[in-house]
Amino acid sequence: MPYIWLICAISFEVVAITCMKLSLGFTRLVPAALMFIFYGGCFGCLTMCIKRLDVSVAYAIWSGLGTAAIATIGICWFKEPLTALRLVGLILVLTGVAALQWSNPLH
């Protein structure tokens, strides 16, 4: 169950960050309001997750996968450039997340 909470927390965070971008610096009300709602869901789910997972593992997976997902959205949806260095960075983030996951005794 903690991994379901973690997946939900990551999903809410990614949607919240996307709303942050779409709010254009709080000039668009609906995406700005949705950003706060999704961040609330994100931290609520993350709180439930760390009841069972080590906080170091849960937070690292949450931040790493969230970073990789939002970078991918930035490249695909917001047309941000995909450079070789950015790709290497994403691969390193995902490798780090995998290493932390394998170090978790619940795995």
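Only the coordinates and a few stated rules stand behind these numbers; no lab work does. Treat the numbers as computed from the prediction; the structure is a model and nothing was measured. Glycine also receives a Cβ, built like all others from the backbone with ideal geometry; neighbour counts cover every protein chain displayed.
At a glance:
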{"item": "Single residue of segment 90-107 satisfying the filter (free of Cβ contacts under 8 Å to residues at least 12 places away in the same chain and assigned to a helix (DSSP H, G or I)) that is surrounded by the fewest Cβ atoms within 10 Å (Cβ to Cβ)", "result": "Trp102"}
{"item": "Test set (1) part of a helix (DSSP H, G or I); (2) over 18 Å from Leu90 (Cα atoms); (3) aromatic (Phe, Trp, Tyr) - Trp62 fails condition number", "result": "(2)"}
{"item": "Unmet criterion (only one of (1) surrounded by 13 or more Cβ atoms within 10 Å (Cβ to Cβ); (2) without any contact (Cβ under 8 Å) to a residue 40 or more places away in the chain; (3) farther than 23 Å from Ala16 by Cα) for Gly64", "result": "(3)"}
{"item": "Exclusive hit being under 12 Å from the mean Cα position of the chain (by Cα) and free of Cβ contacts under 8 Å to residues at least 40 places away in the same chain, set Cys76, Cys8", "result": "Cys8"}
{"item": "Every residue from segment 78-89 that is assigned to a loop (DSSP other than H, G, I, E, B) and surrounded by 11 or more Cβ atoms within 10 Å (Cβ to Cβ)", "result": "Phe78, Glu80, Leu82"}
{"item": "Filter pass, Ile73 being in contact with a helix residue (DSSP H, G or I) (Cβ under 8 Å, 6 or more places away or on another chain) and in a helix (DSSP H, G or I)", "result": "yes"}
{"item": "Subset of segment 12-37 (residues that are surrounded by fewer than 20 Cβ atoms within 10 Å (Cβ to Cβ) and in contact (Cβ under 8 Å) with a residue 24 or more places away in the chain)", "result": "Lys21"}
